[in-house]
Amino acid sequence: MTDLANEIILHNYPQSPVAEKVRVGLGIKKLPWASVEIPRLPPKPMLIKLTGGYRRTPVMQIGADIYCDSHAILREIENRHPSPSFFPASDTGLMWSLSRWTDGALFDLVVKIVLGSAGDALPADFAQDRGRLYLGADWAEGLKAANADLPHLVAQMRAQLSWLNGQLSDGRAFLTGDAPGAIDAQFFHVIWFLRGRFAGGPAVLAEFPDLERWEKNVTDLGHGTMGELSAEEANERAKTSTPKVIDAVITNDPQGLEKGMAVVISPDVDGGEQPVEGTIVGASADTVTIHRTDPECGDLHVHFPRLGYRVTAV
């Protein structure tokens, strides 16, 4: 019988590389979860009722708690389900630090390769949406530049793939040893995206046999046990649930955040996205949680990472 109060609901779509990262994480933990398939492109009205404006993929929902960004999602999964650990080695802080490479410069590079290599074959609506999201206001020129600079971009990716191959060259099954961890999911989603969405990806990866061996090991982990849920059912779960209580005291916050303060939160990049409004419930060095209310979903706590997000008092 499903424990609805603790059920993991992932709002995602199959082609999303960042959702694949979280799906692999659920496979590492061998967890059951419910999938709500969301549109690849805006509008995403049912999702926005939960998040208040955040439209990126994926979003995790547990009752009336909504987790935006894969960093916040993986952190919460580890908090709720600590065994097996996402950190089988002792370098937890270092692994989180490396995730900023995988989710930042490395992912941005593969996005340029995938979008740039598609050229004029990229559907116009998809090109405009993803171009604006990842390349900024001058996205059309950015796509042209990526297409013209493709050999250089692939060379930049190849150098980093060689580092990963070297890390795995001693025969280890996963990046930090015999057991998989969050860092495997974080690197895998980039490799998965490169292989599946760049025509030259398989040939580039074939140069690195230890990396391909690791890639198969991660694939074999699976995605846990997935069920399906409609967006309407997910929103009803939120409405009939109560957000978790956050007792943490806010201290030494550089921005002077306090409980009850009205704020807006948005990604710390100019992607043309709608900010999320709410009142502060809790804030720490790595997480900020706001309360908001939706007429159809009730009282919600929406959780964001601090890193990569701008919190502004209103």
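Tabulated data
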quantity	calculated
Environment charge at His189 (Cβ cut-off 15 Å; Lys +1, Arg +1, Asp -1, Glu -1)	0
Cα gyration tensor, the range 188-314 - rounded (a/c under 1.5), prolate or oblate	prolate
Gyration tensor (Cα) of the chain, equivalent ellipsoid semi-axes in angstrom	31, 24, 19
Accessible surface of Trp192 - all protein chains present, 1.4 Å probe, nearest 10 Å²	70
Carbon and sulfur %, accessible surface of the range 153-264 computed with the full protein complex present, 1.4 Å	52
For the range 65-212: rounded, prolate or oblate by the Cα gyration tensor [a/c cutoff 1.5]	oblate
Three-way shape call for the range 42-117 based on the alpha-carbon gyration tensor, with the a/c threshold at 1.5	oblate
Residue-span extension gain [Asn6 to Glu236] - 0.36 nm each, minus C-alpha spacing	81.3 nm
Kirkwood Rh, Cα atoms: Rg over Rh of the range 220-294	1.06
Beta bridges by DSSP in the chain, antiparallel share as percent, to the nearest 5	70
Isotropic mean projected area of the C-alpha convex hull, the range 154-263 (nm²)	12.5
Most mobile listed residue (Ser241, Ser97, Ser230) in the chain, GNM with C-alpha springs under 10 Å	Ser97
Residue-level accessible surface for Met261, protein heavy atoms, 1.4 Å, Å²	50
FRET efficiency estimate (nearest 0.05) - Cβ-Cβ, Ser85 to Arg213, R0 22 angstrom	0.45
Cut-off 13 Å between beta-carbons: net charge of the residues surrounding Lys259, Lys and Arg +1, Asp and Glu -1	-3
Mean-position separation - Cα centroids, the range 186-205 and the range 3-46, in angstrom	21
Area accessible to solvent at Thr312, 1.4 Å probe radius, in Å²	60
Added length on full extension, which subtracts the Cα-Cα distance from 0.36 nm per residue, Thr225 to Asp178	14.6 nm
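The values are calculated or read from the model by the stated rules, or taken from the named source; none is laboratory data. Note that the structure is a prediction, hence the values are computed from the model and not measured. Here the Cβ is made from the backbone with ideal geometry for all residues, glycine too, and neighbour counts use every protein chain on show. For accessibility, only protein heavy atoms count, side chains too; no ligands or nucleic acids. Shrake-Rupley method; radii C 1.70, N 1.55, O 1.52, S 1.80 Å.
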